[in-house]
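The values are calculated or read from the model by the stated rules, or taken from the named source; none is laboratory data. The shown structure was predicted, so the numbers you read here are calculated from the model rather than taken from an experiment. Heads up, the Cβs are rebuilt from the backbone with ideal geometry, glycines too, and the neighbour counts pull from every protein chain shown. Quick note on the areas: whole protein, heavy atoms, side chains included, nothing else; ligands and nucleic acids left out. Shrake-Rupley method; radii C 1.70, N 1.55, O 1.52, S 1.80 Å.
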Amino acid sequence: MLAMDYRGPKRVRATQKPMPEIKHPQDAIVRVTRSCICGSDLHLYNGNVPDTRVGSTFGHEFCGIVEEVGPEVTKVKVGDHVIVPFNVACGECHFCKQGMFGNCHESNTQSSAVGGIFGYSHTAGGYNGGQAEYARVPYANVGPTVIPEGMDPDDAVLLTDVVPTGYQAAEMAGIQPGDTVVVFGAGPVGIMAARCCWLFGAGRVIIIDKEDYRLEFARNYANCEAYNFEKDMDDPVVFVKKTTDFMGADCVIDAVGAEAAGNAMQTITGRKLLLQAGSTTALHWAINSVKKGGVVSIVGVYGPTDNLVPIGNVLNKGLTIRANQASVKRLLPRLIDHVQNGIIKPKELITHRIPLEEVADGYRMFAAKLDNCIKPLIVFPTKI
């Protein structure tokens, strides 16, 4: 089968790989119909995530048609077109039973923190992902969800990560009616988070980034204020303070993660020398611009090792920090309803369609922010 193949930092290609096989009675084999390149895939692509091994296939956002099932699979059948959440979750452990499917204790035995994630290095279980013609899906009685009749697969594939992560970012922010919410990062997740803030009653939503094309997209899609931290302000923290009567935002969302720009020291230590697990510039801004007693919600991806974070400010300001990988399975029923009712329109985020055989060009375009790329969708020879 044709699949994306990681060859080292900034080096990927499409190549032939062996077909996946059933390895456990609860496995399923899915023929992928849609897959995406995620902003967090760029952390892998750029070499920022430990134990990203040569030969890996990325891709944690995909949907497809069930081609084969193990003898114990009862929830899906051959021929079903399914959404595959990015979490690999057993559904039976202590954390899954609490709805924390992103923290499954069985799917990633090498980690004491994150659960298994498709196509996201061996720190997340070493599972091959869905940027391939076929994928093995473990725990097929738990994760895969049949796409409702009439739903566009372009909408469905974004329910695997972007929509749930953006929604959970707003949920974790603890938004109260009338709150001012600041979102750092106008990538797909940040834009979706900004849109979802309105669903929780926000009175004002501000998104901050450095790419004008992203900010313009966010204004139109999320109906929010959008500002360029390189052009519209000298200091994002001071800007947020000034625009909130020097109180600070009620809630701040970090939707950037490990590759944040804006601070030379953070960029050098976190992105160039890899002395910490990525640049925490956006997290610094979030902590310092939220009001006393406010909430910082973190969905931007950071590595599993140490980061330079102003924890003293968290203590002295009495902040609440909420952070996690999105629990897709927990959120799917509600989000499917929102899509079917037209409240959320995920496919409007898609700006580019990249054939699987041109996946290397897709990564380069997305990483370099070329051609006003917001969200690239990988398409396959037979479109469903």
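Projected onto the charge dipole of the chain (+1 at Lys/Arg Cβ, -1 at Asp/Glu Cβ, origin at the Cα centre), which of Met100, Leu332, Thr320 gives the Cα projection farthest towards the positive end? Value: Thr320.
The count of lysine pairs in the range 165-323 with alpha-carbon distances below 26 Å, taking only pairs 8 or more places apart or on different chains, stands at 17. In this structure the chain gives 40 Å² per residue of accessible area when probed at 1.4 Å with all protein chains present. Dividing the summed helix terms, -39500 (n - 2.57) for each DSSP H run of n ≥ 4, by the number of residues in the chain produces a 222 nm estimate of -6500 deg cm²/dmol to the nearest 500.
The structure-derived value of Cα extents along the principal axes in Å appears in the list [x] 70, 58, 40; [y] 61, 43, 40; [z] 75, 73, 39 under the label [y].
For the chain, with all protein chains in place and a probe radius of 1.4 Å, 49% of the accessible heavy-atom surface sits on carbon or sulfur.
By the Cα gyration tensor, the range 165-323 has an equivalent ellipsoid whose semi-axes, rounded to whole angstrom, run 22, 18, 15 from largest to smallest. Net charge dipole, the chain: roughly 420 debye, given to the nearest 20, about the Cα centre with Cβ charges of +1 for Lys and Arg and -1 for Asp and Glu. For Ile253, the amide hydrogen comes within under 5 Å of the amide hydrogens of Val182, Val183, Phe184, Ser297, counting only partners 5 or more places away or on other chains and with H modelled in the peptide plane. In this structure the amide hydrogen of Thr33, modeled in the peptide plane, comes within under 5 Å of the amide hydrogens of Cys63, Gly64, Ile65, none closer than 5 places in sequence on its chain.
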